[in-house]
Amino acid sequence: MALLEVNNLKTHFFTRNGVVKSVDGISFSIEKGEILGIVGESGAGKSITGFSMLGLIDSPGKIVEGEILFDGVDLAQKSEEYLQKIRGNEIAMIFQDPQTSLNPVISIGEQLMEAILYHNKKASKKEAYKASVDILKLVGLPAAEKRMSSYPHQLSGGMKQRIVIAMALLNNPKLLIADEPTTALDVTIQAQILYLMKKLSKDFESSLILITHDIAVVSQLCDKIAVMYAGRIVEYGKKEDIIFNPKHPYTKGLIECLPKLDDNKERLYQIPGIMPSLLGLPKGCYFKDRCEYADGECDVYPPEQEIDGRRIFCHKAK
Amino acid sequence: MSQSEVKLLEVRDVEKIFSVKVGSFEKKDLHALNKVSFDVFKGKTLSLVGESGCGKTTIGKVILGLYEATNGSVVFQDKDIAKLSPAQRGISQKDIQMIFQDPYSSLNPRKKIKTILEQPLKIHTKMKKKERLATMLSLCDDVGIDHTYLERYPHQFSGGQRQRIAIARAMILKPELILADEPISALDVSIQAQILNLMMDLKDKYKLTTLFITHDISVVKHLSDYVAVMYLGEIVEYASKDELFKNPKHPYTEMLFSTVPDIRTPLATESVLKTGEIQSPIDLPQGCFFANRCPYKVDACEQSHPELVDLGNKHLARCPRIGEF
């Protein structure tokens with residue numbers, strides 16, 4: 001049985017201007033120890049997918065349909081109290097901006113210890129302190145004991161992100177959700193953090209969902225990739241298949257438009273246009289207005305197909 | 001120097017020292033820029049590359065007049081503007097325009113796009129209303145924003161469209177020099193390609209001179225003629241784009257190249273953890289600033305501070321062990 005199985009999940013927001021279908025019928029699954037990447041542009045519904053797993057959807061948003069089977073339990077049906085026990089314990093989340101995900105007026109040590117003491121009532125303060133220092137060493141923070149009494153403003157962005165990762169790992173979660181964990185960081189620090197996340201998820205046998213807009217990052221880390229566009233998954237399969245043999249025109253575009261170091265071409269490939277507003281989605285395939293292969297057939301939303309071992313939604317893919 | 005290269009901006013030995021509080025009573029000097037020198041040639045793009053905290057934005061702000069340089073000179077239009085505020089610079093200020101990183105905070109949310117673009121023309125030109133509109137419309141075509149967008153407000157646009165508007169605003173007075181401070185790093189990768197291509201098109205069409213500031217060395221390739229790599233407030237390597245990409249000399253440049261994520265290379269190995277972090281610009285070391293992260297470090301590196309050495313072919317690097325590895 002897969003650790004996490006999401007079936008036909010729909011998270012909609014009921015706004016004054018109409019229903020925004022941020023996540024509209026997506027399905028995927030993760031085995032133990034597996035790393036799944038969710039890629040797409042801003043507004044594709046990647047983060048909402050992550051938040052839905054943890055029940056972090058606020059009004060006017062609501063999970064309207066679908067199952068989130070975590071260890072066989074459907075989280076979509078569970079109460080807030082139940083989810084509070086899961087959050088930061090069995091499922092942990094790493095947010096994009098380390099500057100805002102730590103409390104600026106509480107020391108690093110206290111924040112780490114709180115995460116342990118909340119979920120494990122039997123632990124003593126001493127044990128919590130030791131566990132916190134150990135985990136800081138594990139994520140490669142220099143002078144770990146000294147850092148316990150530091151405050152967030154005294155640390156650099158890379159150090160803060162390490163602490164956020166340490167905090168997420170404290171209770172040995174089965175599933176880690178990382179929402180753009182390196183987007184706010186420099187390229188050099190990004191490489192370190194990515195390496196660390198891959199190593200730790202293997203060491204801890206945690207599964208990882210990596211949410212990002214950068215398909216290059218995903219390709220370096222993940223076993224499986226789901227490409228999202230306007231609230232739906234358009235291509236989903238093994239990393240090797242998706243990266244080296246993309247079938248969906250959108251996936252092809254995402255890969256093609258990356259700047260490459262050894263490429264002598266002056267101009268970059270660009271996907272024309274922008275993603276349509278979720279309030280004014282076109283009839284048929286959502287990508288058709290930006291797609292060079294689109295024709296009359298694309299006025300109907302493409303059915304799910306299976307081509308070369310991946311799930312894909314496109315009339316034109318062969 | 002070939003004849004086609006005319007100096008537009010000359011930056012010489014610019015230093016910027018901030019005084020920061022380190023305790024209740026003690027103050028220390030933070031050396032944001034240490035004797036930075038470079039030239040920007042007419043119609044060419046110079047890229048400044050480096051991590052956060054390397055001083056690349058500070059030098060941009062000195063050129064723009066938002067900071068006053070502590071020492072050194074910035075010569076623009078035969079005038080040293082290093083210590084002049086924007087007001088003291090007078091009319092020449094309009095010839096340097098800036099594109100900021102975050103298009104969500106750089107456009108006034110209460111003003112229509114039309115007002116944002118028209119204001120500089122009203123202040124700096126004697127154009128009639130009709131001429132102003134014609135100028136705006138032709139620029140809109142150039143940067144790819146629809147004419148109907150002029151009546152809208154910034155919040156109605158996506159990040160990429162806002163950045164197009166910000167580019168239009170910077171270009172509307174036909175400035176001599178454009179400073180682009182991380183203009184694409186707040187955007188999605190797919191939109192980054194669009195904006196980079198747009199900047200290349202505009203460069204060709206208007207022979208723009210640009211100072212392009214970025215932390216991502218992979219995007220530099222598509223836009224630059226020259227590249228300066230900065231580390232802790234100084235230039236550690238300078239070369240033409242082709243030369244730098246073919247033949248990087250400084251260990252830091254090498255490190256920047258090796259950490260760019262690429263779909264065809266596997267994730268970096270354990271060694272990436274040894275690359276460490278940039279150190280604080282307070283209490284700078286006596287020797288090479290990069291020594292604590294450098295894989296080729298020897299004892300001599302910590303003794304004296306290396307100078308920028310000319311390696312020929314307009315390639316400069318600051319490393320005592322150049323050519324040894």
Normalised contact order of chain A, rounded percent, pairs of Cα under 8 Å and 6 or more residues apart: 21 percent
Select from A:Val20, A:Gly55, A:Asn8 the residue farthest towards the positive end of the dipole of region A:7-103; place +1 on Cβ of Lys and Arg, -1 on Cβ of Asp and Glu, and compute about the Cα centre. A:Val20
With DSSP loop assignment and no more than 16 other C-beta atoms within 10 Å, the chymotrypsin sites (Phe, Trp or Tyr not before Pro) in region B:66-141 are B:Tyr104
Roughly speaking, what is the centre-to-centre gap between region B:293-310 and region B:218-252 when only Cα atoms are used, to the nearest Å? 18 Å
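About its Cα centre, how strong a charge dipole does region A:126-249 have in debye, to the nearest 20, once Lys and Arg get +1 and Asp and Glu get -1 at the Cβ?
260 debye
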How charged is the neighbourhood of A:Ser206? Take every other residue with its Cβ under 9 Å from the Cβ of A:Ser206, and add Lys/Arg as +1 and Asp/Glu as -1. +1
How much of the pair distance distribution for chain B lies past 29 Å, counting alpha-carbon pairs only, in percent? 42 percent
Cα gyration tensor shape of region B:166-288, rounded if a/c is under 1.5, else prolate or oblate by comparing a/b with b/c: prolate
Say the dipole of the protein assembly as shown comes from +1 at the beta carbon of Lys and Arg and -1 at that of Asp and Glu; which of B:Val143, B:Val309, A:Gly296 then lies farthest toward its positive end? B:Val143
For region B:3-91, what are the per-bin percents of Cα-Cα distances with bins 10 Å wide, up to the bin holding the maximum? 16, 43, 29, 9, 2, 0
What helix-only [θ] at 222 nm does the protein assembly as shown give? Using -39500 (n - 2.57) per DSSP H run of at least 4, over all residues, to the nearest 500, the answer is -8500 deg cm²/dmol
Selection of trypsin sites (Lys or Arg not before Pro), region B:1-55, meeting DSSP coil and at most 15 other Cβ within 10 Å: B:Lys42
Angle between the Cα long axis of helix A:125-138 and the longest principal axis of chain A, 0 to 90 degrees, nearest 10? 50 degrees
Using r as the Cβ-Cβ distance of A:Lys62 and B:Tyr206, and R0 as 56 Å, what FRET efficiency do you calculate, to the nearest 0.05? 0.65
Considering only Cα-Cα distances, which of the following residue pairs are longer than 29 Å: A:Lys252/B:Lys44; A:Lys224/A:Lys288; A:Lys46/A:Lys160; A:Lys239/B:Lys221; B:Lys56/B:Lys126? A:Lys252/B:Lys44; B:Lys56/B:Lys126
Over chain B, with a Gaussian network built from C-alpha contacts below 10 Å, which listed residue (B:Leu267, B:Leu179, B:Leu311) shows the highest mean-square fluctuation? B:Leu267
With a 25 Å threshold on alpha-carbon distance, the violating pairs from B:Lys16/B:Lys274; A:Lys146/B:Lys28; A:Lys260/B:Lys16; A:Lys137/A:Lys199 are B:Lys16/B:Lys274; A:Lys260/B:Lys16
Can you check what the net charge comes to around A:Gly284, using other residues whose Cβ is under 12 Å from the Cβ of A:Gly284 (Lys, Arg +1; Asp, Glu -1)? -2
Radius 12 Å from Cβ of A:Asp186, net charge of other residues (Lys, Arg +1; Asp, Glu -1): -3
For the protein assembly as shown, state what percent of all Cα-Cα pairs lands in each successive 10 Å bin, counting from 0 Å until the bin that includes the largest distance. 3, 14, 24, 25, 20, 11, 3, 0
FRET efficiency for B:Lys35 and B:Arg321, using Cβ-Cβ distance with R0 set to 30 Å, rounded to 0.05: 0.90
Once label points are set 7 Å from the Cα along Cα→Cβ at both B:Glu254 and B:Tyr296, what is their separation, rounded to one decimal in nm? 0.5 nm
Only Lys, Arg, Asp and Glu count, each charged at its Cβ (+1, +1, -1, -1), so figure out the dipole size of the protein assembly as shown about its Cα centre, rounded to 20 debye. 1620 debye
Do you know the relative contact order of chain B, to the nearest whole percent, from alpha carbon pairs under 8 angstrom that are 6+ apart? 20 percent
With +1 assigned to the C-beta of every Lys and Arg and -1 to the C-beta of every Asp and Glu, and no other charges, what is the dipole magnitude of chain B about the Cα centre in debye, to the nearest 20? 1600 debye
Partner lysines whose C-alpha sits under 24 Å from that of B:Lys128, ignoring same-chain residues fewer than 8 away, are B:Lys94, B:Lys111, B:Lys112, B:Lys114, B:Lys174
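Read-outs throughout are calculated quantities, based only on the coordinates presented, and are distinct from any laboratory measurement. Note that the structure is a prediction, hence the values are computed from the model and not measured. Please note: Cβ atoms are built from the backbone with ideal geometry, for glycine as well, and neighbour counts cover all protein chains shown.
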